[in-house]
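Let me begin by presenting the structure, written as structure tokens, before commenting on it.
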Amino acid sequence: MVCVYIKFERALKRRKEVRGLRGEETTRRKSWFLSPSYLFQALKFAKMSKYQNKLKELNMAKIQMKNAIAELDGDEMTRILWKVIKEKLLEPFIDLNVEYYDLGLKTRDDSDDKITYEAAAAIKRLGVGVKCATITSNKARVEEYNLKQLTPSPNGIVRAELDGTVFRKPILVKNITPTVSCWKKPLILGRHAYGDVYKNCEMYVDGPGKAELVFTGKDGKEIRKTIMEMKGPGILQGMHNLDKSIESFARACLFYGLSEKVHVWFATKDTISKTYDGRFKEIFQRVYDTEFKAKFESAGIEYFYTLIDDAVARVMKHEGGILWACKNYDGDVMSDMVASASGSLAMMTSVLVSPDGVFEYEAAHGTVQRHYYRYLKGEKTSTNPVALIFAWTGALAKRGELDSTPQLVSFAHKLEEETLAVIEDGIMTGDLASLAEPKAKKVLNSWEFIDEIAARL
């Protein structure tokens with residue numbers, strides 16, 4: 001009986017802590033003790049105390065992170081799933097160390113994109129970032145979110161600030177056959193992530209006139225070229241790039257190809273854009289000849305240049321296992337094509353690599369707007385979260401690699417392996433179920449799919 005009373009006293013104390021009981025309630029504990037129902041409660045809360053101690057032990061057993069990752073939250077359906085992934089696949093196993101930045105559309109608009117530049121600075125400072133999918137606004141979004149203005153692409157800002165190259169690689173599974181039957185190996189896309197149309201200047205003119213391209217040097221000297229004698233209303237666009245950024249792009253792609261021991265293809269349209277695209281071709285060739293040619297020959301791999309339309313034709317007949325380097329816009333379009341043809345837009349990794357060795361991991365797809373509207377109606381959608389999961393695993397593995405934390409690296413790899421194992425066991429989301437051979441055993445909603453992965457960790 002004394003033992004029970006001691007347990008009761010301890011449990012009562014715990015009950016007060018857990019439920020926030022006021023001091024005056026403790027004066028009635030003796031009468032409670034005499035009641036069988038309260039005796040039952042005493043034992044229940046004594047058990048709760050043991051449970052909470054167990055939780056403490058488990059928390060201590062979580063993998064520790066030496067340094068933080070910059071976490072950039074996003075929009076719509078991907079934002080919803082981002083939180084679920086953290087809660088079910090990461091936080092039970094890792095003591096997550098992140099610097100959080102909300103890059104949701106409204107937050108960016110409210111801060112005049114200050115938060116986006118702060119996030120980019122954090123990635124540079126910490127060395128590793130992970131980013132959810134975000135909205136780049138158009139006129140419809142301005143009205144929908146009651147924005148002050150059209151907001152620029154947050155990806156464009158981050159990529160420009162890091163001067164990085166985006167590498168995208170399909171996530172292949174055994175039971176999803178690429179629609180391009182000859183693709184046997186992942187086709188890697190290297191996308192220049194600076195300038196071009198993503199850092200453009202646009203203008204609508206409402207009548208005839210002369211459109212000019214003007215450059216004013218520091219010495220005041222002007223260079224002028226006529227773009228077009230406009231005969232009526234129309235649109236104009238100006239864009240730029242920098243030799244330094246193109247050089248960084250070339251080095252990043254050639255270094256990646258060398259490290260992966262894969263052939264590197266580069267393609268532009270220099271027959272039409274003789275100065276702009278021609279400059280890309282020239283710089284890429286110079287960097288290869290002076291810095292990488294001997295290394296490539298020694299590794300038994302090659303660098304190959306061709307026109308963009310020829311590259312597309314060749315890729316459709318190639319087995320894969322190459323790095324296809326593309327200018328910004330070409331890489332944007334072609335990465336989606338490769339992802340979709342390999343299975344799903346949600347089955348592609350994406351990492352931004354800067355010349356300074358800074359890494360930002362993200363999903364290669366958008367915010368899944370259509371599914372988000374269904375979610376707002378109370379539906380649980382079968383949105384594929386794999387690319388979001390792999391954004392986190394990529395960032396965690398890189399953090400562990402840089403910090404010499406092998407446990408973190410191992411966990412990231414295990415999470416990837418178990419994610420793919422779920423799919424290969426015939427358990428998948430709706431986008432993959434329509435492509436799977438043999439047919440899917442179970443088609444799950446996003447929450448069920450994530451739970452299935454969690455159960456295997």
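Quick check: is even one residue across segment 329-339 in contact with an Asp or Glu (Cβ under 6 Å, 6 or more places away or on another chain) and either part of a strand (DSSP E or B) or touching a residue at least 24 places away in the same chain (Cβ under 8 Å) (or both)?
yes
Scan A133, A140, A68, A121 and give me the residue that is farther than 20 Å from P154 by Cα and small (G, A, S).
When all the criteria are applied, what remains is A68.
For segment 219-313, please list each of the helices (runs of 4 or more DSSP H) lying entirely inside it that holds at least 3 residues being of a type in the set (S, T, N, Q).
Output list reads 243-260.
Within segment 256-285, how many residues turn out to be within 23 Å of I188 (Cα to Cα) and free of Cβ contacts under 8 Å to residues at least 12 places away in the same chain?
2
When only residues in segment 436-451 that are surrounded by 18 or more Cβ atoms within 10 Å (Cβ to Cβ) and not polar (S, T, N, Q) count, which is nearest to the chain's Cα centre (by Cα)?
That would be I450.
Give G220, G207, G195 a once-over and let me know the one that is small (G, A, S) and more than 30 Å from P233 (Cβ to Cβ).
Matching residue, one of G220, G207, G195: G220.
Considering only segment 89-103, how many residues are within 24 Å of Y372 (Cβ to Cβ) and either touching a helix residue (DSSP H, G or I) at 6+ places or on another chain (Cβ under 7 Å) or assigned to a strand (DSSP E or B) (or both)?
The total comes to 7.
Residue under question is A61, and the condition is that it be closer than 21 Å to L376 by Cα, modelled with pLDDT under 95 and small (G, A, S); does it hold?
So A61 fails the test.
crowded, with 19+ Cβ neighbours inside 10 Å and hydroxyl-bearing (S, T, Y): does that describe S404?
no
Tell me whether segment 401-422 contains one or more residues that are farther than 30 Å from M65 by Cβ, touching a strand residue (DSSP E or B) at 6+ places or on another chain (Cβ under 8 Å) and of a type outside the set (S, T, N, Q).
Looking for residues that are farther than 30 Å from M65 by Cβ, touching a strand residue (DSSP E or B) at 6+ places or on another chain (Cβ under 8 Å) and of a type outside the set (S, T, N, Q), one finds none in segment 401-422, hence no.
Of the conditions (1) modelled with pLDDT under 90; (2) touching a strand residue (DSSP E or B) at 6+ places or on another chain (Cβ under 6 Å), G129 fails just one. Which one is it?
(1)
How many of the residues making up segment 362-413 are of a type in the set (S, T, N, Q) and under 21 Å from V84 (Cβ atoms)?
Residues flagged as of a type in the set (S, T, N, Q) and under 21 Å from V84 (Cβ atoms) within segment 362-413 amount to 7.
Which residues, counting only those in segment 264-278, are within 27 Å of G321 (Cα to Cα) and surrounded by fewer than 17 Cβ atoms within 10 Å (Cβ to Cβ)?
Correct list: G278 only.
Going through D309, D289 one at a time, which residue ends up being exposed (fewer than 14 other Cβ atoms within 10 Å of the Cβ) and free of Cβ contacts under 8 Å to residues at least 24 places away in the same chain?
So the residue among D309, D289 that is exposed (fewer than 14 other Cβ atoms within 10 Å of the Cβ) and free of Cβ contacts under 8 Å to residues at least 24 places away in the same chain is D289.
The conditions are (1) out of contact with any Gly (no Cβ under 9 Å at 6 or more places or on another chain); (2) without any contact (Cβ under 8 Å) to a residue 24 or more places away in the chain; (3) within 27 Å of R374 (Cα to Cα), and A440 fails exactly one of them. Which is it?
(1)
Quick one: would you say T383 is assigned to a loop (DSSP other than H, G, I, E, B) and buried (at least 21 other Cβ atoms within 10 Å of the Cβ)?
The answer is yes for T383.
The values are calculated or read from the model by the stated rules, or taken from the named source; none is laboratory data. All values derive from a computational prediction rather than experimental measurement. With ideal geometry, Cβ positions are generated from the backbone for all residues, glycine too; neighbour counts draw on all protein chains shown.
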